[in-house]
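Only one structure is covered here, and it is reproduced in the block below.
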Amino acid sequence: MEVKDEKVVDRPLPADPDEKLREQAVEELRKRRDLAGHVLAYLTVNTFLMVIWYLTGAGFFWPAFPLFGWGIGLIFHAWDVFWPPPSEAAVQSAMERIVRRR
């Protein structure tokens, strides 16, 4: 018995091309909204940390560590949102490679 990927099996196929396009648009909008929330959290928390740093004597700039670390995560999140999805040719090529490996 062949086991299929649950993500593929459980996802119903869109009824028509317009529905597929709508689902893609909704997914892109959701990703952008999530990124906006991530940016807002980054700015809010790190501003708060810098205020704490300033109010406690403004010595060594320790907020640089969360700014840098979290900034890397934010960059990867933005990359995921704005990087173009793979082309249909790339998807077909990957599918063919997977079939050949089986």
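The values are calculated or read from the model by the stated rules, or taken from the named source; none is laboratory data. Everything numeric here is computed off the predicted structure, so don't read it as measured data. Cβ sites come from the backbone with ideal geometry, for glycine too, and all protein chains shown count toward neighbours. Calculation scope for accessible area: heavy atoms of the full protein, side chains included, ligands and nucleic acids excluded. Shrake-Rupley method; radii C 1.70, N 1.55, O 1.52, S 1.80 Å.
What to note about this one:
- Every pair of residues 6+ apart whose Cβ atoms lie under 7 Å, when the first sits in the range 44-64 and is free of Cβ contacts under 8 Å to residues at least 40 places away in the same chain and more than 19 Å from residue 74 (Cβ to Cβ) while the second is open to solvent by less than 70 Å² (accessible area, probe 1.4 Å) and assigned to a loop (DSSP other than H, G, I, E, B): 53/63
- Filtered residues of the range 76-88 (kept if assigned to a helix (DSSP H, G or I) and open to solvent by less than 70 Å² (accessible area, probe 1.4 Å)): 77, 78, 81
- Every residue from the range 65-102 that is under 30 Å from residue 25 (Cα atoms), touching a residue at least 12 places away in the same chain (Cβ under 8 Å) and aliphatic (A, V, I, L, M): 74, 78, 81
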